[in-house]
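Below: one structure, written as C-alpha coordinates.
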Amino acid sequence: MTDQDLQGKTFLITGANSGIGKATASELAGRGGRVFIAARNEEKTKPVIEELGENAEFLRLDLGDLDSVRECAEKFLALDEPLHCLINNAGVAGQRGITTSGFELAFGTNHVGHFLLTNLLLDKLKASAPSRIVALSSVAHYSAPGIDFDAVRRKTSITGLPEYAVSKLANLLHAQELARRLDGTGVTTYALHPGAIASNVWRRVPWPFDAFMKLVMKSNEEGAQTSLYCATSPDVANASGKYYDNCREKEPSTRATPELAAELWAKSEEWTAS
(Lines give C-alpha, C1' and ligand atoms only; values in the text may rest on other atoms or scores of the structure.)
Protein backbone atom coordinates (compact mmCIF):
# COMPACT_ATOMS: atom_id res chain seq x y z
CA MET A 1 0.00 0.00 0.00
CA THR A 2 1.12 3.58 -0.71
CA ASP A 3 1.55 6.22 1.97
CA GLN A 4 -1.62 7.99 0.82
CA ASP A 5 -3.78 4.96 0.00
CA LEU A 6 -6.66 6.24 2.15
CA GLN A 7 -7.00 9.59 0.38
CA GLY A 8 -10.70 10.43 0.04
CA LYS A 9 -11.76 8.05 2.82
CA THR A 10 -13.46 9.31 5.98
CA PHE A 11 -13.23 7.56 9.35
CA LEU A 12 -14.96 8.19 12.67
CA ILE A 13 -13.24 6.60 15.66
CA THR A 14 -14.39 6.76 19.27
CA GLY A 15 -12.02 7.27 22.17
CA ALA A 16 -8.99 8.05 20.03
CA ASN A 17 -7.31 10.62 22.28
CA SER A 18 -5.06 7.94 23.80
CA GLY A 19 -4.08 4.28 23.59
CA ILE A 20 -5.03 2.02 20.70
CA GLY A 21 -7.45 4.58 19.34
CA LYS A 22 -4.80 7.27 19.07
CA ALA A 23 -2.39 4.86 17.37
CA THR A 24 -5.15 3.82 14.95
CA ALA A 25 -6.14 7.42 14.17
CA SER A 26 -2.51 8.39 13.62
CA GLU A 27 -2.00 5.62 11.07
CA LEU A 28 -5.24 6.40 9.24
CA ALA A 29 -4.45 10.11 9.01
CA GLY A 30 -0.87 9.37 8.02
CA ARG A 31 -2.17 7.35 5.08
CA GLY A 32 -4.30 10.24 3.86
CA GLY A 33 -7.60 9.43 5.56
CA ARG A 34 -9.84 12.09 7.08
CA VAL A 35 -10.35 11.19 10.75
CA PHE A 36 -13.02 12.36 13.16
CA ILE A 37 -12.08 11.65 16.77
CA ALA A 38 -15.11 11.32 19.03
CA ALA A 39 -14.14 11.65 22.69
CA ARG A 40 -15.34 13.18 25.96
CA ASN A 41 -12.59 15.67 26.66
CA GLU A 42 -11.69 18.25 24.04
CA GLU A 43 -8.67 19.54 25.97
CA LYS A 44 -7.13 16.05 26.16
CA THR A 45 -7.91 15.44 22.50
CA LYS A 46 -6.58 18.77 21.22
CA PRO A 47 -2.89 17.71 21.22
CA VAL A 48 -3.81 14.61 19.17
CA ILE A 49 -5.74 16.73 16.66
CA GLU A 50 -2.78 19.10 16.37
CA GLU A 51 -0.38 16.18 15.93
CA LEU A 52 -2.49 14.65 13.15
CA GLY A 53 -2.97 17.98 11.36
CA GLU A 54 -5.65 19.07 8.94
CA ASN A 55 -6.87 15.50 8.38
CA ALA A 56 -8.28 15.28 11.92
CA GLU A 57 -11.26 16.85 13.65
CA PHE A 58 -12.82 16.59 17.13
CA LEU A 59 -16.37 15.56 18.00
CA ARG A 60 -17.57 15.60 21.61
CA LEU A 61 -18.93 12.23 22.73
CA ASP A 62 -19.77 10.75 26.13
CA LEU A 63 -20.89 7.18 25.43
CA GLY A 64 -22.42 6.88 28.89
CA ASP A 65 -24.84 9.72 28.14
CA LEU A 66 -27.26 8.87 25.32
CA ASP A 67 -28.13 12.54 24.79
CA SER A 68 -24.44 13.18 24.14
CA VAL A 69 -24.38 10.29 21.66
CA ARG A 70 -27.33 11.80 19.78
CA GLU A 71 -25.66 15.23 19.71
CA CYS A 72 -22.42 13.74 18.39
CA ALA A 73 -24.21 11.95 15.56
CA GLU A 74 -26.22 15.08 14.71
CA LYS A 75 -23.08 17.20 14.52
CA PHE A 76 -21.31 14.72 12.27
CA LEU A 77 -24.31 14.32 9.96
CA ALA A 78 -24.70 18.10 9.70
CA LEU A 79 -21.24 18.27 8.13
CA ASP A 80 -22.55 16.29 5.15
CA GLU A 81 -19.37 14.21 5.00
CA PRO A 82 -19.27 10.62 3.75
CA LEU A 83 -18.47 7.92 6.30
CA HIS A 84 -16.45 4.99 5.01
CA CYS A 85 -15.59 3.43 8.36
CA LEU A 86 -16.91 3.70 11.91
CA ILE A 87 -14.49 2.31 14.49
CA ASN A 88 -16.13 1.69 17.86
CA ASN A 89 -12.88 1.79 19.79
CA ALA A 90 -13.64 3.56 23.09
CA GLY A 91 -14.02 1.47 26.20
CA VAL A 92 -13.67 1.25 29.95
CA ALA A 93 -12.56 -1.67 32.10
CA GLY A 94 -12.17 -2.13 35.83
CA GLN A 95 -14.14 1.01 36.66
CA ARG A 96 -17.18 0.87 38.92
CA GLY A 97 -20.40 2.77 38.65
CA ILE A 98 -23.50 3.56 36.63
CA THR A 99 -23.61 5.63 33.45
CA THR A 100 -25.62 8.84 33.17
CA SER A 101 -28.17 6.82 31.20
CA GLY A 102 -28.53 4.21 33.96
CA PHE A 103 -26.41 1.23 32.89
CA GLU A 104 -23.54 -0.63 34.53
CA LEU A 105 -20.54 1.46 33.56
CA ALA A 106 -18.71 -0.96 31.24
CA PHE A 107 -21.86 -2.24 29.54
CA GLY A 108 -23.37 1.22 29.13
CA THR A 109 -20.18 2.73 27.73
CA ASN A 110 -18.81 -0.16 25.71
CA HIS A 111 -22.08 -1.45 24.24
CA VAL A 112 -25.18 0.73 24.71
CA GLY A 113 -23.54 4.01 23.68
CA HIS A 114 -21.91 2.42 20.64
CA PHE A 115 -25.16 0.68 19.67
CA LEU A 116 -26.97 4.01 19.50
CA LEU A 117 -24.13 5.82 17.74
CA THR A 118 -23.93 3.08 15.12
CA ASN A 119 -27.68 3.10 14.50
CA LEU A 120 -27.72 6.88 14.08
CA LEU A 121 -24.92 6.68 11.49
CA LEU A 122 -26.20 3.62 9.59
CA ASP A 123 -27.91 5.55 6.80
CA LYS A 124 -24.73 7.55 6.21
CA LEU A 125 -22.64 4.38 6.14
CA LYS A 126 -25.04 2.82 3.61
CA ALA A 127 -24.92 5.95 1.45
CA SER A 128 -21.09 5.85 1.56
CA ALA A 129 -20.78 2.13 0.72
CA PRO A 130 -18.59 0.23 0.45
CA SER A 131 -18.11 1.02 4.12
CA ARG A 132 -17.19 -0.79 7.33
CA ILE A 133 -18.10 -0.93 11.01
CA VAL A 134 -15.30 -2.14 13.28
CA ALA A 135 -16.00 -3.11 16.89
CA LEU A 136 -13.25 -3.61 19.43
CA SER A 137 -14.27 -6.67 21.39
CA SER A 138 -11.76 -8.69 23.45
CA VAL A 139 -10.61 -12.20 24.21
CA ALA A 140 -12.34 -11.50 27.53
CA HIS A 141 -15.65 -12.23 25.79
CA TYR A 142 -14.86 -15.96 26.06
CA SER A 143 -15.25 -15.76 29.85
CA ALA A 144 -18.73 -14.22 29.73
CA PRO A 145 -21.40 -16.82 30.59
CA GLY A 146 -23.99 -14.89 28.61
CA ILE A 147 -25.85 -11.65 29.30
CA ASP A 148 -27.93 -11.08 32.41
CA PHE A 149 -30.23 -8.30 31.21
CA ASP A 150 -31.10 -7.32 34.77
CA ALA A 151 -27.47 -7.14 35.91
CA VAL A 152 -26.55 -4.61 33.20
CA ARG A 153 -28.61 -2.09 35.18
CA ARG A 154 -26.77 -2.76 38.46
CA LYS A 155 -23.53 -1.33 39.83
CA THR A 156 -20.20 -2.94 38.96
CA SER A 157 -18.47 -5.66 41.03
CA ILE A 158 -15.16 -5.08 42.87
CA THR A 159 -12.79 -5.67 39.93
CA GLY A 160 -15.24 -4.92 37.13
CA LEU A 161 -13.73 -7.69 35.02
CA PRO A 162 -16.87 -9.89 34.79
CA GLU A 163 -18.85 -6.88 33.56
CA TYR A 164 -16.11 -6.01 31.09
CA ALA A 165 -16.31 -9.54 29.65
CA VAL A 166 -20.08 -9.23 29.20
CA SER A 167 -19.68 -5.86 27.46
CA LYS A 168 -17.12 -7.36 25.08
CA LEU A 169 -19.47 -10.27 24.30
CA ALA A 170 -22.10 -7.63 23.54
CA ASN A 171 -19.70 -5.87 21.13
CA LEU A 172 -19.17 -9.13 19.27
CA LEU A 173 -22.89 -9.95 19.16
CA HIS A 174 -23.63 -6.44 17.88
CA ALA A 175 -21.19 -6.87 14.99
CA GLN A 176 -22.67 -10.26 14.13
CA GLU A 177 -26.27 -9.00 14.17
CA LEU A 178 -25.30 -5.95 12.12
CA ALA A 179 -23.77 -8.27 9.51
CA ARG A 180 -27.07 -10.16 9.21
CA ARG A 181 -29.14 -6.98 8.99
CA LEU A 182 -26.79 -5.20 6.56
CA ASP A 183 -26.30 -8.10 4.16
CA GLY A 184 -26.37 -6.77 0.60
CA THR A 185 -26.03 -3.09 1.56
CA GLY A 186 -22.28 -2.78 0.97
CA VAL A 187 -21.67 -2.20 4.71
CA THR A 188 -19.53 -4.91 6.31
CA THR A 189 -18.83 -5.47 10.01
CA TYR A 190 -15.90 -6.77 12.04
CA ALA A 191 -15.25 -7.59 15.70
CA LEU A 192 -11.73 -8.00 17.00
CA HIS A 193 -9.43 -8.64 19.92
CA PRO A 194 -6.59 -6.09 19.77
CA GLY A 195 -4.38 -8.10 22.10
CA ALA A 196 -3.74 -7.34 25.75
CA ILE A 197 -2.72 -3.70 25.57
CA ALA A 198 -1.16 -1.49 28.25
CA SER A 199 -3.61 1.34 27.51
CA ASN A 200 -5.80 3.71 29.52
CA VAL A 201 -8.74 1.30 29.36
CA TRP A 202 -7.22 -0.35 32.46
CA ARG A 203 -6.58 2.88 34.37
CA ARG A 204 -9.00 2.11 37.22
CA VAL A 205 -8.15 -1.57 37.75
CA PRO A 206 -6.98 -1.75 41.38
CA TRP A 207 -3.38 -2.49 42.37
CA PRO A 208 -1.80 -5.06 42.26
CA PHE A 209 -4.00 -6.47 39.46
CA ASP A 210 -3.03 -3.65 37.08
CA ALA A 211 0.73 -4.13 37.59
CA PHE A 212 0.58 -7.87 36.86
CA MET A 213 -1.62 -7.35 33.80
CA LYS A 214 0.65 -4.78 32.18
CA LEU A 215 3.71 -7.05 32.42
CA VAL A 216 2.41 -9.15 29.51
CA MET A 217 0.79 -6.47 27.41
CA LYS A 218 1.52 -5.14 23.92
CA SER A 219 2.20 -1.53 22.93
CA ASN A 220 -0.64 0.63 21.58
CA GLU A 221 0.92 0.60 18.12
CA GLU A 222 0.99 -3.21 18.11
CA GLY A 223 -2.56 -3.29 19.42
CA ALA A 224 -3.80 -1.04 16.62
CA GLN A 225 -2.76 -3.47 13.86
CA THR A 226 -5.88 -5.64 13.92
CA SER A 227 -8.13 -2.55 14.02
CA LEU A 228 -6.31 -1.18 10.97
CA TYR A 229 -6.54 -4.57 9.23
CA CYS A 230 -10.30 -4.76 9.72
CA ALA A 231 -10.80 -1.10 8.80
CA THR A 232 -8.71 -0.99 5.65
CA SER A 233 -7.44 -4.33 4.34
CA PRO A 234 -8.76 -5.44 0.94
CA ASP A 235 -8.29 -9.03 2.17
CA VAL A 236 -11.46 -8.77 4.30
CA ALA A 237 -13.47 -6.42 2.09
CA ASN A 238 -16.08 -9.09 1.40
CA ALA A 239 -16.14 -10.62 4.88
CA SER A 240 -18.73 -9.58 7.45
CA GLY A 241 -19.69 -10.50 11.00
CA LYS A 242 -16.42 -12.31 11.69
CA TYR A 243 -14.13 -12.14 14.72
CA TYR A 244 -10.40 -11.39 14.35
CA ASP A 245 -7.34 -11.78 16.55
CA ASN A 246 -3.82 -10.81 15.48
CA CYS A 247 -5.08 -9.97 11.95
CA ARG A 248 -6.54 -13.46 11.51
CA GLU A 249 -10.10 -14.75 11.64
CA LYS A 250 -10.79 -16.71 14.81
CA GLU A 251 -13.72 -18.72 16.12
CA PRO A 252 -15.63 -16.69 18.75
CA SER A 253 -17.26 -17.97 21.91
CA THR A 254 -19.99 -20.55 21.46
CA ARG A 255 -22.18 -18.26 23.56
CA ALA A 256 -22.24 -15.80 20.67
CA THR A 257 -25.41 -17.22 19.12
CA PRO A 258 -27.79 -15.59 16.62
CA GLU A 259 -30.55 -15.96 19.20
CA LEU A 260 -28.65 -14.02 21.88
CA ALA A 261 -27.59 -11.42 19.31
CA ALA A 262 -31.23 -10.88 18.26
CA GLU A 263 -32.32 -10.60 21.91
CA LEU A 264 -29.56 -8.10 22.65
CA TRP A 265 -30.56 -6.06 19.58
CA ALA A 266 -34.20 -5.94 20.68
CA LYS A 267 -33.24 -4.91 24.22
CA SER A 268 -30.80 -2.30 22.93
CA GLU A 269 -33.46 -0.79 20.68
CA GLU A 270 -35.77 -0.45 23.68
CA TRP A 271 -33.04 1.11 25.81
CA THR A 272 -32.04 3.67 23.18
CA ALA A 273 -35.50 4.64 21.91
CA SER A 274 -35.83 8.42 21.92
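Listed values (1) 0.95; (2) 1.04; (3) 0.93 include one computed from this model; for Rg/Rh (Cα atoms, Kirkwood Rh) that value carries the label (3).
Placing R0 at 45 angstrom, the Cβ-Cβ distance between Ala129 and Asp150 gives a FRET efficiency of 0.75 after rounding to 0.05. Take the Cα of Thr100, step 7 Å toward its Cβ, do the same at Ser219, and the gap between the two points is 3.6 nm.
Largest first, the residues Ile133, Ile158 sort by 1.4 Å accessible area into Ile158, Ile133. Each of Leu117, Ser101, Val139 was scored by the projection of its Cα onto the charge dipole of segment 79-146, and the greatest displacement toward the positive side belongs to Val139; charges sit on the C-beta of Lys, Arg, Asp and Glu.
Between Lys267 and Arg70, the simple label model (points 7 Å from Cα in the Cβ direction) yields a spacing of 2.3 nm.
Shape class of segment 1-111 from the Cα gyration tensor (axes a ≥ b ≥ c, square roots of the eigenvalues): prolate, since a/c reaches 1.5 or more and a/b is larger than b/c. In this model, which of Lys22/Lys126; Lys242/Lys267; Lys44/Lys155; Lys168/Lys250 are farther than 19 Å apart at the alpha-carbon? Too far apart for the 19 Å limit: Lys22/Lys126; Lys242/Lys267; Lys44/Lys155. Around the amide H of Cys85, modelled in the peptide plane, lie the amide H atoms of Thr10, Leu12, Arg132, all under 5 Å away and 5 or more residues distant in sequence or on another chain. Residue by residue, segment 54-62 carries 3J(HN,Hα) couplings of 5, 7, 10, 8, 9, 10, 6, 8, 10 Hz when phi is fed to the Karplus relation 6.51 cos²θ - 1.76 cosθ + 1.60 (θ = phi - 60°); x denotes Gly or Pro. Among Asp67, Asp235, Asp123, which one shows the highest mean-square fluctuation when the chain is modelled as a Gaussian network with alpha-carbon springs under 10 Å? Comparing Asp67, Asp235, Asp123 in the GNM, the peak value goes to Asp235. Computed with a 1.4 Å probe on the full set of protein chains, the accessible area for Tyr142 sits at about 70 Å². Is segment 59-147 best put as rounded, prolate or oblate by its Cα gyration tensor, with a ≥ b ≥ c the root eigenvalues, rounded for a/c under 1.5, and otherwise prolate when a/b is larger than b/c, oblate when not? Oblate, because a/c is 1.5 or more while a/b does not exceed b/c.
Between Lys250 and Ser143, the distance separating the two model label sites (each 7 Å from Cα on the Cα→Cβ line) works out to 1.4 nm.
The values are calculated or read from the model by the stated rules, or taken from the named source; none is laboratory data. Quick caveat: nothing in here was measured; it's all calculated off a predicted structure. A quick note on method: Cβ atoms are made from the backbone with ideal geometry, for glycine too, and the neighbour counts reach across all protein chains shown. Calculation scope for accessible area: heavy atoms of the full protein, side chains included, ligands and nucleic acids excluded. Shrake-Rupley method; radii C 1.70, N 1.55, O 1.52, S 1.80 Å.
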